[in-house]
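A.B. asks: Let me give you the structure first, and then I'll get to my questions.
The values are calculated or read from the model by the stated rules, or taken from the named source; none is laboratory data. This is a predicted model, so every value here is computed, not measured. Cβ placement follows ideal geometry from the backbone for every residue including glycine, while neighbour counts extend to all protein chains displayed.
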Amino acid sequence: MALSEYEKKVLEQMEADFRRSDPQFVAGMSDSAVEPRPVSRERLRLSPRRFILGLCVVIVGSLLLLTAVSLGYSYTSIALAVCGFVVMVSGLLWMFRTDSSQSASAGAVSRKGMWSRFMYRQQQYWDERQQR
């Protein structure tokens with residue numbers, strides 16, 4: 001369904017007002033007409049070796065925590081419980097850590113890149129709609 005003449009006129013007025021109110025944002029949006037790269041799913045994969053080692057560290061940390069609870073209330077048990085918790089958290093971080101090469105590519109997908117992909121898809125949808 002095409003826009004009426006009145007709707008087109010109102011849309012053009014809104015666009016002109018927006019361009020006057022925020023020219024920096026409009027300039028950034030005009031750079032987003034470049035076709036985006038496909039997102040790689042490789043960075044979402046977990047290494048089985050790292051996962052198993054991290055799981056072992058989490059188990060050791062939970063054993064330390066359980067040992068601290070069984071000792072009762074003393075400074076030793078509190079220190080052991082804190083150490084157990086730190087070991088568990090470090091094991092979890094180790095399990096889900098990515099390689100430096102993968103994290104660099106993951107950081108390359110910025111907010112502007114996501115916005116440009118969104119705008120490119122919207123432009124494609126609009127073009128397809130106009131061709132009908």
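A.B. asks: Checking the condition part of a helix (DSSP H, G or I), surrounded by 14 or more Cβ atoms within 10 Å (Cβ to Cβ) and free of Cβ contacts under 8 Å to residues at least 12 places away in the same chain, which residue from S77, S62, S70 passes?
C.D. replies: When all the criteria are applied, what remains is S77.
A.B. asks: Restricting the first residue to the range 1-22 and requiring it to be in a helix (DSSP H, G or I), which pairs with a second residue that is modelled with pLDDT under 85 and surrounded by 10 or more Cβ atoms within 10 Å (Cβ to Cβ) meet a Cβ separation below 6 Å and a spacing of at least six or different chains?
C.D. replies: From residues that are in a helix (DSSP H, G or I), the pairs are R19/V26.
A.B. asks: Additional query: Based on this model, can you work out whether R49 counts as loosely packed, with under 13 Cβ neighbours inside 10 Å and either closer than 30 Å to Q131 by Cβ or modelled with pLDDT of 75 or more (or both)?
C.D. replies: Taking the combined requirement at face value, the residue satisfies it.
A.B. asks: Follow-up. Identify, please: which residue in the range 93-113 is modelled with pLDDT under 75 and of a type outside the set (G, A, S) and is, among those, surrounded by the fewest Cβ atoms within 10 Å (Cβ to Cβ)? Reasoning before the result, please.
C.D. replies: Keep residues of the range 93-113 that are modelled with pLDDT under 75, which gives 98-113.
Next, only the ones that are of a type outside the set (G, A, S) stay: 98-99, 102, 109, 111-112.
On the way: T98: 17, D99: 11, Q102: 15, V109: 15, R111: 7, K112: 12.
If we take residues in the range 93-113 being modelled with pLDDT under 75 and of a type outside the set (G, A, S), then R111 is surrounded by the fewest Cβ atoms within 10 Å (Cβ to Cβ).
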